[in-house]
Ligand code: B12
Ligand code: B12
């Protein structure tokens, strides 16, 4: 299995319309400090770019997408199509500020799961244990949305 | 007629439960400056005290009552009884802040007229012309409430 | 339980010991503790004025304020019938239309309802009123477990009644203070706030503080252990800060060391601007004065002040705005310390010249009425005949409140000269008619904000929209 | 008339002359006039951020803000699809669910709807966005009669996109500026606000101002006549006031005298406290910085900043609170002028050392990308690959923002030493892990207010209640 390789690899980036990169920089630092090989695609990264990166790094154990500007759902609109085309066959983790407005609803997360996102997080601290858990578990069923929804998420 | 006497006399005071006297002091000063003889009863003056003062100064052409604390209506509760007893047979002018609360209603004034108040004012500047008009008019019908309601009042 | 007690069926008052036990069982801090904590934390405790006639509405009002504005202390503002012991009128209006009352008639409602209010909120309550003789109201308050009570034999007489002799009100308040002494011995320290605000309009700082010093000395002699000295914001920054800073110095000078003394700022108590934005500027300004002057507590105002008793929302907004003054981000503000020190010196001198002759006589309760009768003690705009109101305050050019006439106050030539110089320098004294000038001084903030200062029919609608 | 135009059927853009005539006929001041008036009146003009997807809701939003908060200028904040020229995505979301857009897609709605918005309110509008290439958006704005437009070839590229070359964005913004020049000749001065805020988080003042100086010089060369230099509040009082005061000095030094230059403060743009009271303390603080630093304009924040795009009420409340800083009652505030002068000196020196080598080369449009490629120009936390982000900002012990690493910035030894000394004195540099320290510096105000600074699962509910 791919997570048996010497260095664990993750693909990191910020969603397609989103240029907020401060958290992205800090996450990259933090994961590198834990020994990860972080392929950081930075701001404004489309689903296609994430898929390309995954094709280049098939050993990546997860794609981690940050979204702050409220556009998470629209920015991941192409995820089902990509998955249907057999791309992005690893868990997709999304975190940040995931909808527009100051009042958040659980439906904000549900509709991301419906797109095939595997784990929705808002708490950064939950990221490393989540990666560990995903790695210990079975190979993610890329086409089974919500397969990892049981991982505790903090809805804010 | 009493207003033919050399010096015009008015009776001034603040309503029964009311201790706000700053405006009262200034009104007394202002009327004295205009040549009036001002019998100033000051703060917390009951209807009975006004009536006593009028009995002592039957030439007074008006009783001027200030009320700031919102209790104008209750403080003048005894006015109809006093009038029925033949007392306070001159116009009664009431002015100030005439009800409790920050939103004022025309009913605040109407219920004072209903008690037999002759003129309700909120604008101090309206006082001297009102006194002149009352003097020029017929003897006020003490028992006909609202006889002077036509004098313009500023409802705030 | 709430809402179960109806007025009239209140049983006789419980014993002091029972009330002390009740307060202990309430499980909330006393007002004195809140003030002490605020001082220790270097913040200003916040308290609104609030009082409506109906018991149910009073309950809602307190709970809404508690929940949405998180004040440190809440108030029962008492209606003016109860203040003047016109309990029958209070009861009559309460029955006819409680909304016509300008405060909560605690005596008519009874002490058990007072306990219901007390139990409904998390913070301690103060009774604020204006009663020359508050004995029944005080006993009712204590029975209700209320741990702070405003007033004094001078400050709740002269601004609030016409003909009550000072010796009567002083005697009535001696009884209140003596009960506080008894309560302190039973373990309950009641905070006694002295109403240095007096007639509120153009009160010279040294008059306010001198009256408070005399009341504080009298109260301490009866055993009062926690005294709040309230000072009314006059509008001049350095003068107001100096007045607040004078409080601990005066306490050290004139009071026994075991009495805890707090300074309290009453946000501007004179003619308030009518427009909301202007009123809010003044509210924030007042709160900053309290913070920077080191007050333990601020009594807030609302943007409806010029219009009438505020609604709940306005009261909440006033508290929230004032609470910005407790911001940790204001350390950048430097003050004109030289000017403040100068004002402070003069305030201390003036207060000393007023109070020391009176304090030199052992029987304060005889000496105070005598001094007022002769004008050696005096206040401006007295509602009572028992003060001469021969002193005339005016604003200097910079807005500071000075004496234009000092009446029979025993001021030294130096103090007289300084007041004269200050008013002359401002170019205000002697210009035009005194009443006109005085009116302008009273309407000071209308002028600052460019609100029309005519006597009526102002530019904007009177009621906030 | 409102609500009559539907998207898609917008006719071709009118000529510039037609748009100038339209603005004249609108009968309201331009943004440039409002700024000039504010400066003359010695007050800070207030402006919110505001933008929602739906046209009808945008109309209501602007009208509500106009009516209840009386700002001086209103904003169309543009959604991030439009910013990135992803017009199809903007249109798709607009059709599916406009509430999912984080701004108003002006291009999708079309210039006629822009005019409807413009006609609906009494104050001028600014378009605020973040577009590396804003040409179509600018033309649409001008056609809508909008008289203020934010952005610049550096400041709207590096924080907002990943891969757009600087030469492309600079060229696109040269076109915008040249159109402003044409409009000025036709009699319409468009205010061009430069986004010195950059990536908003821990931006050293000299970086912000240096980028604005370069953009301002480029804009002036194309004929721009009114420039607003936006500076993001960093959190340290004297440093922020000095940065604002630097703006007119830099304008005098680097810009032709016939260009009008205003300083604008963007209220704290970093991690905002989550609790309302704390956020409001910060909002008031920011507004005071603007007033005391002499800014012509303030862009306000809301107590919902940490949570998401604010609702109308929060936006109104933020403006009203900020407007307290225009109070006439704050003259008592004295500042630490010595400290401000010191900061100002260093800011001017640092800016000079950054910009003067670049300005010495005649072709700015070639030199700026080259300098960024080499790190002679740089910004922290760049979203774009076209800045190296080798400079690392940190907070000194007193909260001031300094350079912990200056990358390839051409700083003198004196500047280097002073930065090192400042960070060393604070005991912050080199302590613990850099990322940890940086995170603490980013979360500075959470710390000031004692809000938990963990990365998630904070004490209070995330959404305001
Ligand atoms: C100073 C003041 C006090 C002082 C009064 C000192 C004194 N002895 O005079 C103190 C602190 C003691 C005080 C106490 C109280 N006050 Co008071 N007080 C004020 C304040 C701040 C200013 C009043 C003042 O002196 N103005 C200056 C003078 C020159 O103007 P004026 O009185 O406003 O009068 C103007 C007009 O009303 C008119 N006018 C006045 N009288 C007359 C008479 C006639 C015939 C005419 C034509 C016009 C007229 O002309 C004047 C000039 O424009 C006002 C609020 C404000 N900022 O305006 C509250 C205010 C009047 N007080 C109020 C209240 C309720 C009280 C209390 C009952 C306490 C309480 N429950 O809150 C007690 C009174 C107890 C009692 N027994 O009456 C309320 C009244 C509320 C209402 N009507 O809904 C006000 C409006 C404050 C508020 N917003 O709640 N108060
Ligand atoms: C700095 C900032 C900017 C800077 C960004 C600079 C840059 N290039 O990075 C600038 C000024 C450019 C900017 C622009 C915009 N911004 Co902005 N911005 C902020 C601000 C003030 C701080 C964000 C930040 O850097 N925080 C510091 C980092 C360390 O924390 P963080 O990003 O908040 O992330 C935390 C969590 O979300 C989580 N997290 C983040 N990513 C991930 C990923 C994973 C996998 C996990 C598990 C967790 C996680 O962990 C972090 C630490 O707790 C926030 C509001 C605030 N005060 O928090 C608004 C905010 C994020 N911005 C917002 C918006 C909308 C925009 C704009 C679209 C403009 C607009 N319409 O208002 C544009 C973006 C344009 C675009 N194309 O995306 C909104 C989002 C609204 C919403 N979701 O409802 C916010 C919340 C402001 C607001 N209240 O309106 N912004």
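What 222 nm value per residue comes from the helices of the protein assembly as shown, counting each DSSP H run with n ≥ 4 as -39,500 (n - 2.57) and dividing by all residues, nearest 500 deg cm²/dmol? Helix contribution divided over all residues of the protein assembly as shown: -13500 deg cm²/dmol.
Using the per-residue mean of other Cβ atoms lying within 10 Å as a proxy for protection, in what order, highest first, do the peptides B:26-36, C:62-72, A:113-123 fall? Present the calculation step by step, with values, prior to reporting the outcome.
Numbers: B:26-36: 16.5, C:62-72: 18.7, A:113-123: 21.4.
Highest mean packing first, the order is A:113-123, C:62-72, B:26-36.
Per residue of D:95-104, other chain Cβ atoms within 10 Å of the residue Cβ number 4 on average. Between segment C:175-218 and segment B:58-84, the alpha-carbon centres lie 35 Å apart.
What number does segment C:130-246 give for Rg over Rh if you use C-alpha atoms and the Kirkwood radius? Can you show the working numbers first?
Numbers: Rg = 14.2 Å, Rh = 14.4 Å.
Over the Cα atoms of segment C:130-246, Rg/Rh equals 0.98.
Stokes-Einstein diffusion of segment D:240-318 at 37 °C, 0.692 mPa s viscosity, Kirkwood radius from Cα pairs, rounded to a whole number: 240 µm²/s. When both segment A:5-57 and segment C:95-148 are represented by their alpha-carbon centers, they are found 65 Å apart.
Going by average Cβ density within 10 Å per residue, which order do the peptides D:179-189, D:136-146 take, highest to lowest? Numbers along the way, then the final one.
Numbers: D:179-189: 17.9, D:136-146: 24.4.
Packing order, densest peptide first, comes out as D:136-146, D:179-189.
For segment D:86-135, take the convex hull of the Cα atoms, compute a quarter of its surface area, and give me that in nm², please. Each step should come with its number before you reach the end.
On the way: hull surface 16.3 nm².
Reported value for the Cα convex hull: 4.1 nm².
The relative contact order of segment D:16-323 comes to 18 percent, based on Cα pairs under 8 Å that sit 6 or more residues apart. Give me Rg over Rh for chain D, both radii from the alpha carbons and Rh done the Kirkwood way, two decimal places. On the Cα set of chain D, Rg over Rh gives 0.95. Across segment C:115-196, C-alpha contacts under 8 Å between residues 6 or more apart give a mean separation that, scaled by the residue count, equals a relative contact order of 34 percent.
The spacing between segment C:357-412 and segment D:14-52, judged by their C-alpha centroids, is 57 Å.
Taking the highest mean first, how do the peptides C:84-90, C:148-154 order by number of other beta carbon atoms within 10 angstrom per residue? Don't skip to the answer; put the middle values down first.
Values: C:84-90: 20.0, C:148-154: 27.7.
Taking the mean over residues of other Cβ atoms within 10 Å, the ranking is C:148-154, C:84-90.
Using the empirical formula 2.2 N^0.38 Å as the baseline, the Cα radius of gyration of segment C:57-103 reaches a ratio of 1.34. Take residue A:128, move 7 Å from Cα toward the beta carbon, and the resulting point lies 8.5 nm from the same point in each other copy, nearest first. Counting from the shortest, the label point at residue A:52, 7 Å from Cα toward Cβ, is 9.9 nm from the same position in each remaining copy.
Based only on other Cβ atoms within 10 Å, what is the fewest-to-most ordering of B:44, D:226?
Values: B:44 27, D:226 24.
Ordered by Cβ neighbours within 10 Å, fewest first: D:226, B:44.
Distances, shortest first, from the label point of residue C:223 to those at the same position in the other copies read 8.9 nm; the point lies 7 Å along Cα to C-beta. Hydrodynamic estimate: the Kirkwood radius of segment C:180-317 over Cα pairs, inserted into Stokes-Einstein at 20 °C and 1.002 mPa s, corresponds to D of 137 µm²/s.
Put in order of Cβ neighbour count within 10 Å, fewest first, the listed residues C:391, C:379, D:392 become D:392, C:391, C:379. Axis between D and C by rotation; chain D residue with nearest Cβ and distance in whole Å recorded as D:334, 2.
Ordered from longest to shortest, the equivalent ellipsoid semi-axes for the protein assembly as shown are 63, 34, 31 Å, each the square root of 5 times a Cα gyration tensor eigenvalue.
Looking only at the protein assembly as shown, where both bridge partners belong to it, what percent of the DSSP beta bridges are antiparallel (to the nearest 5)? Write down the numbers at each step before the final one.
On the way: 11 of 97 bridges.
Counting DSSP beta bridges with both partners in the protein assembly as shown, the antiparallel share is about 10 percent.
Take each residue in A:12-23, count the other chain C-beta atoms within 10 Å of its C-beta, and the mean is 6.
In this simple spin-label model, placing a label point 7 Å from the Cα along the Cα-to-Cβ direction at both residue A:125 and residue D:433 gives a separation of 1.4 nm.
For segment C:267-400, relative contact order (Cα pairs under 8 Å, six or more residues apart, normalised by length) works out to 15 percent.
Annotation: the residues C:288, A:124, sorted from fewest to most other C-beta atoms within 10 Å of their own C-beta, follow the order A:124, C:288. When the P(r) is computed for segment C:277-389, the part past 17 Å accounts for 70% of the Cα-Cα pairs. Applying 1/(1 + (r/R0)^6) with r as the Cβ-Cβ distance of residue C:447 and residue C:334 and R0 = 22 angstrom yields a FRET efficiency of 0.20. Between residue C:412 and residue D:135, the simple spin-label model (points 7 angstrom out along Cα→Cβ) gives 8.2 nm.
Other protein chain C-beta atoms within 10 Å of residue C-beta, averaged over D:325-337: 6. When DSSP beta bridges are restricted to pairs lying wholly in chain D, around 15% turn out antiparallel.
All of the numbers you see were taken from the coordinates with simple rules; none came from a lab. Predicted, not measured: the structure shown is a model, and the values here were computed from it. Positions of Cβ are generated from backbone atoms using ideal geometry, with glycine treated the same way; all protein chains shown enter the neighbour counts.
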